[in-house]
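Student: Let me give you the structure first, and then I'll get to my questions.
The values are calculated or read from the model by the stated rules, or taken from the named source; none is laboratory data. Note that the coordinates shown come from a computational prediction; the quantities given were computed from them, not determined experimentally. In this analysis, Cβ positions are derived from the backbone assuming ideal geometry, glycine residues included, and neighbour counts consider all displayed protein chains.
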Amino acid sequence: MAKNVVVVGTQWGDEGKGKIVDWLTDHARGVVRFQGGHNAGHTLVIGQTEYKLNLVPSGIVREGVACFIGNGVVLDAHHLLSEIRTLEEGGIKVRDRLHISPGCPLILGYHVALDRAREAAKSAGDKIGTTGKGIGPTYEDKIARRALRVYDLLDRERFADKLKANLEYHNFVLTQHFGAEPVDFQAMFDQAMADADELLPMVADVSAELYAINKSGGSLLFEGAQGTLLDIDHGTYPFVTSSNCVAGQAAAGSGVGPGRLHYVLGITKAYCTRVGGGPFPTELDIETAGTPGEQMSTKGREFGTVTGRKRRCGWLDLAALKRSIIINGVTGLCITKLDVLDGLEELKLCTGYMLGDKRVDLLPMGAEDVADCDPIYETMAGWRGTTFGAQSWEALPQEARAYLHRIEEICEIPIDVISTGPERDETILRRHPFGA
């Protein structure tokens, strides 16, 4: 019987979703990306080889698994083709397994120019920390109903007419508001048409193909990008991404009915990290040697896959996690990077906040209130042994098991999977998402 699983990040992204998606794909016939763009970064380690993916679903390194890019993804065709060539150079067949929705809005040069001009114009405290890849402006065009979509590449004249109209509008904003250089029509049109020749053979009716897989008994895995706390509606607005990162978007962003989403796996780092601006209640000092924050940063190799920027680090925030569990309808959690906490004498769990003179047990909405939250901590003993590479619950130190049990108690949700390293077999399975 077909069963569909949605994998989402429950924090500010970078939770280790890529490894878990890859690990789960042996139970799926297809893997689906349903939101975001090439601002996502998934790192997979298979044997001695490391793969860094932005747009291609993580299931691509599993032979025989079909991969889908749904309509909810904003697509930089040039970047995607570059990513495909890199994978092909590593011996992975992509083009006959990758299926792209014709409904994907296209990221074009003026989107990138606008993204960078806007961020550069902001004062230091107001900067979002955008990747500058044109994601936000492309979603804006989609909502404004002027986006060029993948299916527009099928008609050169229609594409040229729409491109000219968009350039007239966006170049006015670039030159008159930001004082930036205009974007050239011909160069952009020629590049888009060259990319179209390679891209269009991979275009397919994704919604219909996913329905057909389910109807024939095949299961699907939906791969989220970014994290719930960066969701455009539910995150720490305005310090958020431009798309919905929550489990419900898997339906809208791929054309699958919500009744076909059977299990939601929430990926949760054993501590918290955040890239870019925005409030972070449990943030720690990551620069001072020998501190817990410095250990998280160094041992966890906390650098952004896409940007290379150092990630901010802090204690695990269960008040924020509980908010994510509610929003996503999480069925079970997967805890990643537990080994990064190995050797710390004591650990802290944020169980709520003081917001003024009031205690709150869930992350508030909006960046302003979150910035005013003072975390309330519960302290637990750390462990001397190692958790790295453990493959069974019994192999974990007693204190590590107590830490995980406490997360389950406070969040009232089971921890079904624990990732103890980057390799596929460095995983503890307590309940399988496809069997639950």
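Student: Tell me the strands (runs of 3 or more DSSP E) entirely within segment 1-115 that contain at least 2 residues that are in contact with a Cys (Cβ under 9 Å, 6 or more places away or on another chain), assigned by TED's automatic domain parsing to the domain that holds A320 and farther than 30 Å from E168 by Cβ.
Tutor: Working: elements: 4-9, 30-33, 42-46, 49-53, 66-69, 98-100.
The strands (runs of 3 or more DSSP E) meeting that bar number zero.
Student: Hey, among I335, I376, which residue is within 20 Å of K17 (Cα to Cα), touching a Ser or Thr at 6+ places or on another chain (Cβ under 8 Å) and assigned to a strand (DSSP E or B)?
Tutor: Values: I376 fails: within 20 Å of K17 (Cα to Cα).
It is I335.
Student: Tell me which residues, restricted to segment 270-284, are under 18 Å from G352 (Cα atoms) and assigned to a strand (DSSP E or B).
Tutor: Pass one, segment 270-284, residues under 18 Å from G352 (Cα atoms): 270-273, 279-284.
Correct list: C272, T273, E283.
Student: If you don't mind, there's one more thing I want to ask. Does segment 95-108 contain any residue that is within 30 Å of Y151 (Cβ to Cβ), of a type in the set (V, I, T) and over 17 Å from the mean Cα position of the chain (by Cα)? Explain how you work it out, then say what you get.
Tutor: Looking only at segment 95-108, we keep the residues that are within 30 Å of Y151 (Cβ to Cβ), and these are 95-108.
Still in the running and of a type in the set (V, I, T): 100, 107.
Adding the requirement that they be over 17 Å from the mean Cα position of the chain (by Cα) leaves 100, 107.
For segment 95-108, residues within 30 Å of Y151 (Cβ to Cβ), of a type in the set (V, I, T) and over 17 Å from the mean Cα position of the chain (by Cα): present.
Student: I've got another one for you. Output the residue which, of all residues in segment 50-88 that are crowded, with 19+ Cβ neighbours inside 10 Å and among the hydroxyl-bearing types (S, T, Y), is nearest to the chain's Cα centre (by Cα).
Tutor: Going through the qualifying residues, I end up with S58.
Student: Inspect segment 314-329 for any residue being free of Cβ contacts under 8 Å to residues at least 12 places away in the same chain and surrounded by fewer than 20 Cβ atoms within 10 Å (Cβ to Cβ) and give the result as yes or no. Show your work before the answer.
Tutor: Restricting attention to segment 314-329, the residues satisfying the condition of being free of Cβ contacts under 8 Å to residues at least 12 places away in the same chain are none.
Checked segment 314-329: no residue is free of Cβ contacts under 8 Å to residues at least 12 places away in the same chain and surrounded by fewer than 20 Cβ atoms within 10 Å (Cβ to Cβ).
Student: Scan Q191, Q186, Q226, Q249 and give me the residue that is in contact with a Ser or Thr (Cβ under 6 Å, 6 or more places away or on another chain) and not small (G, A, S).
Tutor: Numbers: Q191 fails: in contact with a Ser or Thr (Cβ under 6 Å, 6 or more places away or on another chain); Q186 fails: in contact with a Ser or Thr (Cβ under 6 Å, 6 or more places away or on another chain); Q249 fails: in contact with a Ser or Thr (Cβ under 6 Å, 6 or more places away or on another chain).
Going through Q191, Q186, Q226, Q249 in turn, the sole match is Q226.
Student: Could you grab me the full set of residues in segment 285-326 that are part of a loop (DSSP other than H, G, I, E, B) and either outside the structural domain of Y353 (by TED's automatic domain parsing) or farther than 18 Å from D339 by Cα (or both)? Before you say what the answer is, go through the steps one by one.
Tutor: Here is the first cut: in segment 285-326, the ones part of a loop (DSSP other than H, G, I, E, B) are 285-291, 300-302, 304-309, 311, 315.
Across segment 285-326, the qualifying residues are D285, E287, T288, A289, G304, T305, V306, T307, G308, R309.
Student: Could you please find all residues in segment 293-304 being surrounded by 13 or more Cβ atoms within 10 Å (Cβ to Cβ) and either touching a Ser or Thr at 6+ places or on another chain (Cβ under 7 Å) or within 26 Å of G235 (Cα to Cα) (or both)? Quick ask: steps written out before the conclusion?
Tutor: Residues of segment 293-304 surrounded by 13 or more Cβ atoms within 10 Å (Cβ to Cβ): 293-300, 302-304.
Across segment 293-304, the qualifying residues are G293, E294, M296, S297, G300, E302, F303, G304.
Student: Hey, another quick one. Of all residues in segment 347-361, which are surrounded by 18 or more Cβ atoms within 10 Å (Cβ to Cβ) and in contact with a Lys or Arg (Cβ under 8 Å, 6 or more places away or on another chain)?
Tutor: Once the filter is applied, which keeps residues that are surrounded by 18 or more Cβ atoms within 10 Å (Cβ to Cβ) and in contact with a Lys or Arg (Cβ under 8 Å, 6 or more places away or on another chain), segment 347-361 yields L349, G352, Y353.
Student: Of everything in segment 362-397, what is under 30 Å from D425 (Cα atoms), surrounded by fewer than 17 Cβ atoms within 10 Å (Cβ to Cβ) and hydrophobic (A, V, I, L, M, F, W, C)? Give them in sequence order.
Tutor: M380, A381, F388, W393, A395
Student: Can you say whether G47 is crowded, with 20+ Cβ neighbours inside 10 Å, over 24 Å from V256 (Cβ atoms) and modelled with pLDDT under 90, as far as the supplied structure shows?
Tutor: Details: crowded, with 20+ Cβ neighbours inside 10 Å: no; over 24 Å from V256 (Cβ atoms): yes; modelled with pLDDT under 90: yes.
No.
Student: Hey, among the residues in segment 1-35 that are of a type in the set (F, W, Y) and out of contact with any Asp or Glu (no Cβ under 8 Å at 6 or more places or on another chain), which one's modelled with the highest pLDDT?
Tutor: From segment 1-35, those of a type in the set (F, W, Y) are 12, 23, 34; that's our starting set.
When the remaining residues are screened for being out of contact with any Asp or Glu (no Cβ under 8 Å at 6 or more places or on another chain), the result is 12, 23.
Working: W12: 95, W23: 92.
Across segment 1-35, the extreme among qualifying residues is W12.
Student: Let me ask you something else. I need every pair where a residue in segment 1-23 that is closer than 14 Å to A320 by Cβ has its Cβ under 7 Å from the Cβ of a residue that is part of a loop (DSSP other than H, G, I, E, B) and among the acidic types (D, E), sequence separation at least 6 or different chains.
Tutor: Between residues of segment 1-23 that are closer than 14 Å to A320 by Cβ and residues that are part of a loop (DSSP other than H, G, I, E, B) and among the acidic types (D, E), the close pairs are G9/E15.
Student: Here is a check on your reading of the model: is L349 part of a strand (DSSP E or B) and either out of contact with any Leu (no Cβ under 7 Å at 6 or more places or on another chain) or of a type outside the set (V, I, T) (or both)?
Tutor: Answer is yes for this residue.
Student: Further, regarding this structure: Between a residue in segment 157-168 that is more than 14 Å from D184 (Cα to Cα) and any residue that is part of a helix (DSSP H, G or I) and not acidic (D, E), which pairs come within a Cβ distance under 9 Å, given they are 6 or more apart or on different chains?
Tutor: Here the result reads F159/L153; F159/F189; F159/A192; F159/M193; F159/A196, each pair linking segment 157-168 to a residue that is part of a helix (DSSP H, G or I) and not acidic (D, E).
Student: I'd like to check something: does segment 391-403 contain any residue that is within 24 Å of the chain's Cα centre (by Cα) and not assigned by TED's automatic domain parsing to the domain that holds L24?
Tutor: Our first condition is that a residue be within 24 Å of the chain's Cα centre (by Cα); within segment 391-403, this holds for none.
No.
Student: Right, here's the next one. For segment 398-407, name all the residues that are free of Cβ contacts under 8 Å to residues at least 12 places away in the same chain and surrounded by 13 or more Cβ atoms within 10 Å (Cβ to Cβ).
Tutor: R401, the sole residue that qualifies.
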